[in-house]
1. Beyond a 19 Å Cα-Cα separation, which of these cross-linked pairs lie in this structure: Lys96/Lys119; Lys81/Lys128; Lys81/Lys119; Lys96/Lys121?
2. Express the relative contact order of the stretch 35-83 as a whole percentage, based on alpha carbon pairs under 8 Å and six or more residues apart in sequence.
3. Can you tell me the length gained on complete extension of the stretch Ile8 to Asn85, counting 0.36 nm per residue apart and subtracting the Cα distance?
4. Hey, rough spin-label estimate for Gln41 and Ser22, points 7 angstrom out along Cα→Cβ, what's it come to in nanometres?
5. Based on the Kirkwood radius over alpha-carbon pairs, what is the Stokes-Einstein translational diffusion coefficient of the stretch 48-129 at 10 °C with 1.306 mPa s viscosity, in µm²/s?
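Throughout, read-outs are computed from the coordinates displayed, never taken from laboratory work. As the structure is a prediction and not an experimental result, all values here were calculated from the model. Cβ: placed from backbone, ideal geometry, glycine included. Neighbour counts: every protein chain shown.
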Amino acid sequence: MIYSVNVIRAMAAANTVYEQVSVAAPLEKPILDDDVVVVHQGLSPNGDGINDFLQIDGILAYPDNKLQILNRSGQLIFEAKNYDNSSKVFDGHSNKNGTMQLPGTYFYTLVYTVNGVAKHKTGFIVLKY
């Protein structure tokens, strides 16, 4: 990411060679357009009603989406179009062969469309029982 800083100052005194300029980090994290879609990294489908499926916040606003989950060997174990946190969810079962996946780290690719532009998110999730 590239940032530009423009400094506008009043005319300096004749004997002033330079004036010190400082840049500080913002107090709040900037909000980007696609930050409304957040993939939760923890998943524990053990039936306790807490994190029993992969939760993706904000995904309902983008029904034109595609989620793919791969195991650490790179095998596609889950794929869904129009992921919706209710009828189409990853709950630890592969929708390719139906088997419950082993605990561990998995990788995801999420593609969703915002105003006709495809947005991509990638990352990992941790499956625990």
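1. Values: Lys96/Lys119 25 Å; Lys81/Lys128 24 Å; Lys81/Lys119 14 Å; Lys96/Lys121 22 Å.
Violating the 19 Å Cα-Cα cut-off are Lys96/Lys119; Lys81/Lys128; Lys96/Lys121.
2. Numbers: 63 pairs, mean separation 13.3, N = 49.
RCO, the stretch 35-83: 27 percent.
3. Details: separation 77, 0.36 × 77 = 27.72 nm, distance 4.95 nm.
Length gained between Ile8 and Asn85: 22.8 nm.
4. 3.3 nm
5. Working: Rh = 13.1 Å.
Value of D from the Cα-based Kirkwood radius: 121 µm²/s.
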